[in-house]
Amino acid sequence: MKISSSKIIIESLLLENIEFVFGYPGGAVLHIYDAIFTSKIKHILVRHEQAAVHMADGYSRSSNLTGVVLVTSGPGFTNCITGLATANFDNSSIIILCGQVIKKMIAQNSFQELDNLNLSNSVIKKFYSLNCYYNIQYIISKSFYKNDCFKKGPVVIDFPKDLTSSLNILRNKYPFIKIKKNKNKNIFFINLKYKRPIILIGGGLLKKNYIKLLDVFIKKNKIPFISTFMGLGGFNYRNPYYLGWLGMHGDACVNNIIHYSDIIICLGTRLDDRIINNNEKFSPYSSIIHIDIDLNSISKNIYCEKFFLCDIEFFLKNNFFNKNIKFWWKIIIFFKKFFNKKYENDFFFCKPQQIIELIFIISKGKFFLTTDVGQHQMFAAKYYYFNYKKFISSGGLGTMGFGFPSAIGIKFANKNKKVLLITGEGSFQMMMQELSTCKQYKINIIIVNLNNQSLGMVKQWQELNYNNRFSHSYIYSLPNFKKLINSYNLYSFNFYNIKKFYFFFINLIFVDIFCFINIYINHKENVFPIQIYNQSMCELITFFSIKKYEKKIYFFNS
């Protein structure tokens, strides 16, 4: 049977069980859009190509499916670069179908022609350029296979326009690819001398069944574990062995615990700069064991004494540690009590910490929660406790504007679940044109805008490091958010009082509507603790430093 190459592209996507394609049409991909018109694939029309990639990102991370994006050549693809970099840092399973000018016009500075390979090479996992219409199914099936069986990340497929209009014989499913299972030759058991162990888990654990395997592993070994920011949601937060998350704005007790540990077992984390702070001063007493499927993630910032290239599932099933660490638990309990300081409640003004805690109490942690980037992101991570795969945020790249489109993508993947976006007025304005997408497709999500009239994280750094010289961190021309949202025939409410917000939110969770809640918060509230730049993990701003106890703690269990 002979059908058009565009039809083959659509049929190949259907064979991969793709339900949604996020995109924006243009001249170079009109043949594909014409094929979509008569197909079973549901195309979601965005208002900006960057939003399409973020939607596919949220869709993928919340469902373990691959997000697919379709954009045109030239500016259509360049608008995707930020989204590609975001997905690459956070290892999201995304495939971009990108238009290109016809083959004979390539490399001639044609209209809307760009070198997509060199533009995107540093922020993607793999790039394919279609050079013959016989390869269509092979390239598409290979792209999905790589995302299913290896480390996840964005893949770009470049389609010259003339190759999407030719006639071609449709081939069978997976005509070229033989799926090979990775064989682990040896089952290894780590037998090292240690007295103060800690397990550090990262975003690599956010896969199917890993939460159950981790629970069994922790209960069997009785070793305390901590999380990176990207690891939040990859475990049961009620686990008694879970201590908190570490990093620049992480828990003070956790940053101290990892500083004094003598062995760190890293599962699915690349140990980036926001975790370690200073390479030379990071956990000076410990040996590091790293388990990852990507060799490039090993010893990138910190030298790892032992590393194992294997799937985390294999490690969790085949390793057992059995040592008495009662003294280590005494130190951990001391740290937990020592750093038990919290914010002070205020029942008249809205404090962001209080808002996040109220949302968690009312929702019981059942919402899919996504955030933009800034102070509100850190408040959400610190005061909302996440169930499995319920937290989605831009960690590696820190992309402002990620939250709103990713929330829409999450809703497409989880139609019957509640989706909550915690954002700030600076981030929301970067992608607020997607309100039109919400209106068109009747996307019902709850948006809580923590409005402090400024770029909060920038302002905090200027306050701490630049002597209160707030250079361009205040926004003096904010829109009337209520009128803006209402102009799309969507619901919006303003709040200045924490009590009124509480009683409103209790009733809101029982109604399925799009709702934008603009809360004016105390603009003086900052995110604490914060690590002192280029110092050890245990040196923090606003918390009493434990540094002077270092020798006592170290020799206590030596």
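The values are calculated or read from the model by the stated rules, or taken from the named source; none is laboratory data. Please read these numbers as outputs of a predicted model, since none were measured by experiment. Quick reminder, even Gly has a Cβ in these numbers, built from the backbone with ideal geometry, and neighbours come from all protein chains shown.
If I filter the stretch 23-30 for residues that are under 22 Å from the mean Cα position of the chain (by Cα) and crowded, with 24+ Cβ neighbours inside 10 Å, do I get at least one hit? Yes, the stretch 23-30 contains at least one residue that is under 22 Å from the mean Cα position of the chain (by Cα) and crowded, with 24+ Cβ neighbours inside 10 Å.
Residues 395, 365: which one is outside the structural domain of residue 260 (by TED's automatic domain parsing) and surrounded by fewer than 23 Cβ atoms within 10 Å (Cβ to Cβ)? Step by step, each of 395, 365 is checked, and only 365 is outside the structural domain of residue 260 (by TED's automatic domain parsing) and surrounded by fewer than 23 Cβ atoms within 10 Å (Cβ to Cβ).
From 119, 163, 170, grab the single residue that is under 27 Å from residue 25 (Cβ atoms), modelled with pLDDT under 70, surrounded by 14 or more Cβ atoms within 10 Å (Cβ to Cβ) and out of contact with any Gly (no Cβ under 8 Å at 6 or more places or on another chain). So the residue among 119, 163, 170 that is under 27 Å from residue 25 (Cβ atoms), modelled with pLDDT under 70, surrounded by 14 or more Cβ atoms within 10 Å (Cβ to Cβ) and out of contact with any Gly (no Cβ under 8 Å at 6 or more places or on another chain) is 170.
Could you tell me which of the residues 510, 501, 516, 493 is part of a helix (DSSP H, G or I) and assigned by TED's automatic domain parsing to the domain that holds residue 439? Show your work before the answer.
Working: 510 fails: part of a helix (DSSP H, G or I); 516 fails: part of a helix (DSSP H, G or I); 493 fails: part of a helix (DSSP H, G or I).
It is 501.
Just need a number here: residues in the stretch 219-242 that are closer than 22 Å to residue 326 by Cβ and surrounded by fewer than 21 Cβ atoms within 10 Å (Cβ to Cβ). Explain how you work it out, then say what you get.
Residues of the stretch 219-242 that are closer than 22 Å to residue 326 by Cβ, as a first pass: 219-226, 239-242.
Next, from what is left, pick out any that are surrounded by fewer than 21 Cβ atoms within 10 Å (Cβ to Cβ): 219-223, 239-242.
Looking only at that region, the number is 9.
Scanning the stretch 431-459 for residues that are farther than 18 Å from residue 490 by Cα and buried (at least 21 other Cβ atoms within 10 Å of the Cβ) yields 450, 451, 452, 454, 455, 456, 457, 459.
Taking the stated definitions as given, is residue 425 buried (at least 22 other Cβ atoms within 10 Å of the Cβ), acidic (Asp, Glu) and over 16 Å from the mean Cα position of the chain (by Cα)? Reasoning before the result, please.
Values: buried (at least 22 other Cβ atoms within 10 Å of the Cβ): yes; acidic (Asp, Glu): yes; over 16 Å from the mean Cα position of the chain (by Cα): yes.
Taking the combined requirement at face value, the residue satisfies it.
Looking across the stretch 305-327, the residues that are part of a loop (DSSP other than H, G, I, E, B), under 29 Å from the mean Cα position of the chain (by Cα) and surrounded by 15 or more Cβ atoms within 10 Å (Cβ to Cβ) come down to 310, 311, 319.
Restricting attention to the stretch 55-97, and to residues there that are of a type in the set (Gly, Ala, Ser) and touching a Phe, Trp or Tyr at 6+ places or on another chain (Cβ under 7 Å), which single residue is modelled with the lowest pLDDT? Filtering the stretch 55-97 for residues that are of a type in the set (Gly, Ala, Ser) and touching a Phe, Trp or Tyr at 6+ places or on another chain (Cβ under 7 Å), the one modelled with the lowest pLDDT comes out as 62.
Working carefully through the options 97, 114, find the one that is assigned to a loop (DSSP other than H, G, I, E, B) and either touching a strand residue (DSSP E or B) at 6+ places or on another chain (Cβ under 8 Å) or closer than 20 Å to residue 23 by Cα (or both).
Only one candidate passes the filter, namely 114.
Taken over the stretch 244-285, the residue count meeting the criterion of being surrounded by fewer than 20 Cβ atoms within 10 Å (Cβ to Cβ) and of a type in the set (Ser, Thr, Tyr) is 1. If residue 337 meets every condition in (1) assigned to a helix (DSSP H, G or I); (2) surrounded by 14 or more Cβ atoms within 10 Å (Cβ to Cβ) apart from one, which number is that one? Here residue 337 clears every test but (2).
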